[in-house]
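The values are calculated or read from the model by the stated rules, or taken from the named source; none is laboratory data. These figures come from a predicted structure and were not determined experimentally. Here the Cβ positions follow ideal geometry from the backbone for every residue, glycine too, while neighbour counts run over all protein chains shown. What goes into the accessible areas is simple: the full protein's heavy atoms, side chains included, and nothing from ligands, DNA or RNA. Shrake-Rupley method; radii C 1.70, N 1.55, O 1.52, S 1.80 Å.
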Amino acid sequence: MKIKLVTFAPHPNFGTCLQGYALNYVLRKMGHDVEFIYNGRESHPQPFIKAVTKKCLESFLPKSFIASIKAKRQANMISQRKEPYILELPNHPVLYQLSKLPFYEKVYKMLKCRNLQWKKVYKFTHEDGNFNMRRIYTHQQYAEVTAETDLFITGSDQIWNPYCGGFNPMMFVEFGGNKKRVAYSSSISLPEIPASVKQRMKRDLEKFQHIAVREQRSVELLNKLLHRNDIKLVVDPTYLLSAKEWEEFGNKAEIEFTIPEKYIFCYFVGDKRADVYEQMVQEVKHFTGIQNVITLECYNRTRAYGGGRLYKDAGPYEWVYLLRHASYVCMDSFHATVFALKFQKEFVHAMKNADTETGSQNTRMYDILSRYGILYKNYNADGSTGWQQRIDYARLTPLIESEIKDSMDYLKYEIEN
């Protein structure tokens, strides 16, 4: 079957990166012809000259200056907008014509690979045979893609969270005509659907034959929105690969320093609660007696937690390898939690947002920790030590394995029916 996979394209949020890899891997393993399609996620179509100028400025201006400008823009957007913004399907006919030229790929790679981390992400995405990727530049291409497709699958992660980059019509396959659509482990990750996008989301999802989501709250919201009772709860695609498969994946890592025998691995996607994270890491150091800390950088973060090493050059392979071999894991990441459970690690998690924050993504974490009976692993900066309790993997692993089997069966059902 010719399947088009729609989810976030790989980048240095490695949970996002690896959930797309995992679903693509599983579908190809089933024997399907899978193509990963993506676009630029613009809020409005950008003229080619403007896009190139922006890239050039980012290449030559100091990274700290670029980061500060982006942070100010994001803060202004959050303060000015309580409702999520709506993206448009980009249309770049000039850029599409340029993409056909022999030199385009080299220029694209040069602009994209601005540091070693991005070089590793690019290699993983475009050079290692992990994906059959196609970027869509123009509205005409959407029609061409639709004509050659048997099935669209929207993948996992927060692709349906309108506060996570905006409400993206790409992620709801608005261009897909009458072709079959199914969703596997797509996430809203909000306690409620914002009123400003509710009707559009309803219209889009009514075209989906089967919908499987990642959180129980998303099940409840969509059953109510669509007047259905068949929305299915499934595990994230990263669960679907065995620990051995992920270990073999991580063994492709190329790490530029000597790894300590014992270390605490830190992976923080956000930085709004940096003081809480630092306190957490210091408490873990004291509790475990482990002094070596490796913080893996995400989104140009510059803080090394616990007085340890900041590793800025990691790609997807290195992320998996370092988490796999860590003695203890500290994170604010959903997918780091999934991998810690997959590798049966001891960990502690801190919420990335305040529960009352507009667009808070905490719902997904409360869901997974509560579902597995390990909510005590959520860190609170109040001096409590419940997070120190060990996880009973003898109890938990069979439960997870049962969910994986059920989810795999449902994925096959979605495709075949």
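Odds and ends about this structure:
- In terms of accessible area, using a 1.4 Å probe and ignoring ligands and nucleic acids, Ile159, Ile86 rank largest first as Ile86, Ile159.
- When the alpha carbon gyration tensor of the chain is reduced to an equivalent ellipsoid, its three semi-axes come out at 32, 27, 22 angstrom, largest first.
- For the chain, no complete DSSP H run has alpha carbons reaching 30 Å or more along its own long axis together with a mean Kyte-Doolittle score of 0.0 or higher.
- Low-density loop cleavage sites - GluC sites (Glu not before Pro) in segment 292-389, where at most 15 other Cβ are within 10 Å (DSSP): Glu357
- Calculated log₁₀ intensity ratio I(q)/I(0) where the Debye formula runs over C-alpha points of segment 199-355, q = 0.14, 0.18 Å⁻¹: -0.77, -1.05
- Across segment 191-257, the mean sequence separation of Cα contacts (distance under 8 Å, 6 or more residues apart), normalised by length, yields a relative contact order of 27 percent.
- In the chain, the calculated helix contribution to ellipticity at 222 nm averages -13000 deg cm²/dmol per residue, counting -39,500 (n - 2.57) for every DSSP H run with n ≥ 4.
- Extension gain (nm, one decimal) between Asp230 and Glu88, 0.36 nm per residue minus Cα-Cα: 48.1 nm
- Alpha-carbon centroids, segment 302-343 and segment 372-410: separation in whole Å: 18
- Accessible area of Glu215 in the full protein assembly, 1.4 Å probe (Å², nearest 10): 0
- Of the residues Gln344, Gln140, Asn417, the one whose Cα sits farthest toward the positive end of the charge dipole of the chain, with +1 on the Cβ of Lys and Arg and -1 on the Cβ of Asp and Glu, is Gln140.
- Computed over segment 176-254, the range of Cα coordinates on each principal axis works out to 47, 31, 24 Å, biggest value leading.
- Accessible area, probe 1.4 Å, largest first, for residues Lys244, Lys224: Lys224, Lys244
- Given R0 = 25 Å, the distance between the Cβ atoms of Gln209 and Lys100 translates into a calculated FRET efficiency of 0.10.
- For the peptides 392-400, 123-131, residues were scored by their other Cβ atoms within 10 Å and the scores averaged per peptide; the highest-first order is 123-131, 392-400.
- Count, lysine Cα pairs under 25 Å in segment 175-289, 8 or more residues apart or across chains: 23
- When the solvent-accessible area of the chain is split by element, carbon and sulfur atoms take up 52 percent of it, the probe being 1.4 Å.
- Contact order relative to length of the chain, as percent, for alpha carbon pairs under 8 angstrom and 6 or more apart: 16
- Near-label residues of segment 147-187 by backbone N, under 14 Å of a point 7 Å along Cα→Cβ of Arg28: none
- Going by accessible surface with a 1.4 Å probe and the largest first, Leu233, Leu87 read Leu233, Leu87.
- Here the contact order of segment 270-417, divided by its residue count and restricted to Cα pairs under 8 Å and six or more residues apart, works out to 17 percent.
- Sequentially through segment 175-192, phi angles give Karplus couplings (6.51, -1.76, 1.60; θ = phi - 60°) of 8, x, x, 9, 5, 5, 10, 9, 10, 10, 6, 5, 10, 8, 6, 9, x, 9 Hz, Gly and Pro residues having no value and appearing as x.
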